[in-house]
Every structure is written in C-alpha cells, then in structure tokens.
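In what follows, a structure is listed as structure tokens, so that the remarks can point back to it.
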Amino acid sequence: HLAKEQASGVQQYDPAHDGNTASRLELLGDLRRAIGTDDQLSLHYQPKVSLATGRVTGAEALIRWQHPQRGRVFPDVFIPTAESTSLIHPLTSHVLELAVRQAKIWAQRGTPIPVAVNLSTRCLLDPGFTAQVFGLLYRTGLPAHLLKLEITESVAMADPDRALTVLRALHDGGISLSIDDFGTGHSSMTYLQHLPVDELKIDKSFVQAMANSHGDAVLVRTAITLAHNLGLSVVAEGVEDEAAVAALRELGCDVAQGYHYARPMPAADFDEWFTAHAAGMSVDA
Ligand code: C2E
Ligand code: MG
Ligand code: MG
Ligand code: MG
C-alpha cells in the first residue's frame, strides 16, 4: 500500500533504513511532542465487509502521522519504535480516545459501526489498562460492544497468565477481541483455545499469496476451519481483488478487509464511502 499512498507525492521517512540511534531518539522525541499536539496524529478507518451479505461489519482504526518536516511516517516505522519504550502508553491512550469518540459519533448518527483498535501487548499488560478502557467507555457513553481490540499472537509469549486475566476482564465487560496477523506468530493451539476472543484475522501475506501458492491456500483454509471450530468469526486481511473475494467466499470466510473495498481513509471519506456502499447494496440486493 505504500506505493499507492506514495502516489500523492508525500515524502517517506524510515529510521529502519537509517540505522542511526540518534535519529531513532529524535523520532521518539518528535512522536512524544506529536501526541501533545492535535494536528500531526490522526486515524484512518478501513471498512470490514461481510462476504455473505456485503454489509459493513466494522472499521479498523489505523494511525497516521504527518510529520512537519519528514512528511508522512507510517505505523510500521514508528509503532515498533514506540513499543520499545513507554511512549506506546500515551500513544495508545490517544488512539483509543480518538477511535472511541468516532465510534460514538457513528452510533449517535444511527449507523453503529464497531471500531477496532490495534493494541500492543505491552499496553495489554499495563496494570491500569482495563480501568482506563472502561473509564473511557463510561465517560463517552459508548456501548462496549462497539469497541474491538486487536491483539497479536505474541500475547501468548509475553505473559500468558496475566494476558488471559486481562482479556477475560475486557471480554466480560463486553469488549470484543480479535487475534490480528494470524499465522505470522507462534501461537500454541492449546493457548488459543482458551483465549476469550471473538475473531481471528488471517494475515494478508497468506491471503495475497493464496492465488499462486497451494501451500498458502491450504493455510488460509486451515485457519478458517480452526476459527470456525473454535466458534470464532474469520476476517481475511489484504483482500485486493474480486478473485480473492470469490476464493474466500468459497472457503466460507466471514469477513474481508482490503483495498478491493476501500483503503484506510479519514472519517469524512469513510462516511462518504459508507453512504455510497450502502446505496449500491440496496440496488444490488
Ligand atoms: P494491521 O493491524 O495488520 O493493519 C493492516 C495493515 O494492512 C494496515 O497497514 C493497512 O493499511 C494495510 N492494508 C489494508 N488493506 C490492504 C490491502 O488490501 N493490501 C495491502 N498491501 N495492505 C493493506 P498500516 O495502516 O500501515 O498499519 C500497519 C500496522 O501498524 C498495523 O497492521 C498495526 O499492526 C500497526 N498499527 C497501525 N495503527 C496502530 C495503532 O494505532 N496502534 C498500534 N499499536 N499499532 C498500530
Ligand atoms: Mg490490525
Ligand atoms: Mg493485521
Ligand atoms: Mg500487522
């Protein structure tokens, strides 16, 4: 997607290709200041679409950083850096605040679209996290089922007992939980079976490779079967064309997300897309 979004001509900065500790520290300093301001960090929203009905089942919130000098910096660049420090905590609070406020706006407009927020394992394991999230829901009045948290299989590696306790508390409070990037980590089937999650997202690398690789197609099929056997809904990430849609529908995948439907976009553009999509559906169906 970098190529597509680069078409707008924005400059890219990537400290991973910089290898310089000083510039990494500078990035962290800039990010810390960006969290305190209101104009550099924003969320883009990407729809998730039911393969059975075509309806929008939710939106994933993805952070965007417009750096005053460096231009657009993508999350794959700064999230891992932020995760290596405690800066991930205020950053996540900021994202949650924006996402929950947006979900509240959609709910009040009569189009309650659940919003999914990506959560670093480090935040999940933060002692104050559960209270913070429920505090935010209480303060904004957003029903818990309209917030979804996406976590990765790495929770199983970090501190499995504590992760399980926190996930149970969130889930018992009505928040829905999703396993992101499924297939890229090292999760134990035994552990997965005990996680109180509602959804499994198949990583886009498998979805994109499945058209040309028998092995990847088998992995996608297996992930769908596993999810369904555990009573989970399955989302395919990185769905870019009609062929992928057809193949996933054939395999019984529940939900698709990807450029085929829409790229992540600012809330105003999402609203426009949503209206057009809904209008197209009533004609079609
Ligand atoms: P993710 O959660 O797996 O999000 C999906 C990524 O795939 C997004 O990249 C999205 O723009 C991209 N994508 C969506 N559809 C397609 C498609 O059809 N083709 C291709 N090639 N890509 C597609 P993005 O926005 O650059 O985010 C990258 C990762 O950064 C996310 O992966 C997530 O792990 C992390 N991230 C993003 N926002 C946040 C955040 O607020 N907090 C945390 N902790 N992590 C975040
Ligand atoms: Mg995600
Ligand atoms: Mg993912
Ligand atoms: Mg990812």
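Just so you know, all these numbers are worked out from the coordinates, no wet-lab data involved. Just so we're clear, the structure is a prediction, and the values are computed from it rather than from any experiment.
What share of the DSSP beta bridges in the chain is antiparallel, in percent to the nearest 5? If I count the DSSP bridges inside the chain, around 40 percent turn out antiparallel. For the chain, the number of Lys pairs separated by eight or more positions or lying on different chains, with C-alpha atoms closer than 20 Å, is 9. Pairs of C-alpha atoms in the chain farther apart than 24 Å represent 53 percent of all such pairs. Take the alpha carbon gyration tensor of the range 95-244, find the square roots of its eigenvalues, order them as a ≥ b ≥ c, and report rounded if a/c is under 1.5; if not, report prolate when a/b exceeds b/c, else oblate. It comes out oblate by the Cα gyration axes.
Could you give the length gained by full extension between ASP241 and LEU226, i.e. 0.36 nm per residue of separation minus their alpha carbon distance, to one decimal place? If you can, show how the numbers build up before the last one.
Working: separation 15, 0.36 × 15 = 5.40 nm, distance 2.45 nm.
Full-extension gain reported as 2.9 nm.
Please say if the range 79-149 is rounded, prolate or oblate, where rounded means a/c under 1.5 for a ≥ b ≥ c the square roots of the C-alpha gyration tensor eigenvalues, and otherwise the choice is prolate for a/b larger than b/c and oblate otherwise? It comes out prolate by the Cα gyration axes.
Coordinate range of the alpha-carbon atoms in the range 132-217 per principal axis, descending: 48, 26, 16 Å.
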